[in-house]
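The values are calculated or read from the model by the stated rules, or taken from the named source; none is laboratory data. This is a predicted model, so every value here is computed, not measured. Ideal geometry is used to build each Cβ from the backbone, glycine not excepted, and the neighbour counts take in all protein chains shown.
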Amino acid sequence: MIGRIWHGWTKPGNADKYEGLLKEKIFPGIAAKKVAGYKGIQLFRRPVGTEIEFITIMWFDSWDAVKQFAGEDYEKAYVPPMAREVLERFDERSQHYEIRERLDY
């Protein structure tokens, strides 16, 4: 299993709008791509100083699935234009980790 981690930051006034875009348009758009081996996404949100930080973690079965989603330059962040309009800044590159242990309780 591969975890694809990405960070973005908004002003507090744009945080709810950005979260709504993710839930209503961006996440369903990712699912609609029907990438074989895509296992879902998690969204995290927290205030940090004068900004709101968002973290997404996407889950994939394999490196091939990651590349099917993101292309050969698989670390390049996927940030649609509608998201760029409300983000103050974001990671240009996503980080990827092999999941070595996962315990569900």
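Remarks
Residue-by-condition table, conditions (1) in contact with a Ser or Thr (Cβ under 7 Å, 6 or more places away or on another chain); (2) loosely packed, with under 15 Cβ neighbours inside 10 Å; (3) β-branched (V, I, T); (4) free of Cβ contacts under 8 Å to residues at least 12 places away in the same chain:
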{"residue": "A15", "(1), (2), (3), (4)": "no, no, no, no"}
{"residue": "I55", "(1), (2), (3), (4)": "no, yes, yes, no"}
{"residue": "Q68", "(1), (2), (3), (4)": "no, no, no, no"}
{"residue": "G71", "(1), (2), (3), (4)": "no, yes, no, yes"}
{"residue": "E92", "(1), (2), (3), (4)": "no, yes, no, no"}
{"residue": "L103", "(1), (2), (3), (4)": "no, yes, no, yes"}
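- Scan of segment 78-105 for residues that are at pLDDT below 95 and more than 20 Å from G13 (Cα to Cα), ordered by number: Y78, I99, R100, E101, R102, L103, D104, Y105
- Where K39 falls short, out of the listed (1) surrounded by 16 or more Cβ atoms within 10 Å (Cβ to Cβ); (2) farther than 21 Å from E19 by Cβ: (1)
- With respect to the conditions (1) among the small types (G, A, S); (2) in contact (Cβ under 8 Å) with a residue 24 or more places away in the chain; (3) loosely packed, with under 11 Cβ neighbours inside 10 Å, G49 falls short on a single one, namely (2).
- Of all residues in segment 81-105, those that are farther than 14 Å from H7 by Cβ and part of a helix (DSSP H, G or I) total 3.
- Lone unmet requirement of (1) exposed (fewer than 13 other Cβ atoms within 10 Å of the Cβ); (2) in contact with a Leu (Cβ under 9 Å, 6 or more places away or on another chain); (3) among the β-branched types (V, I, T) for I99: (2)
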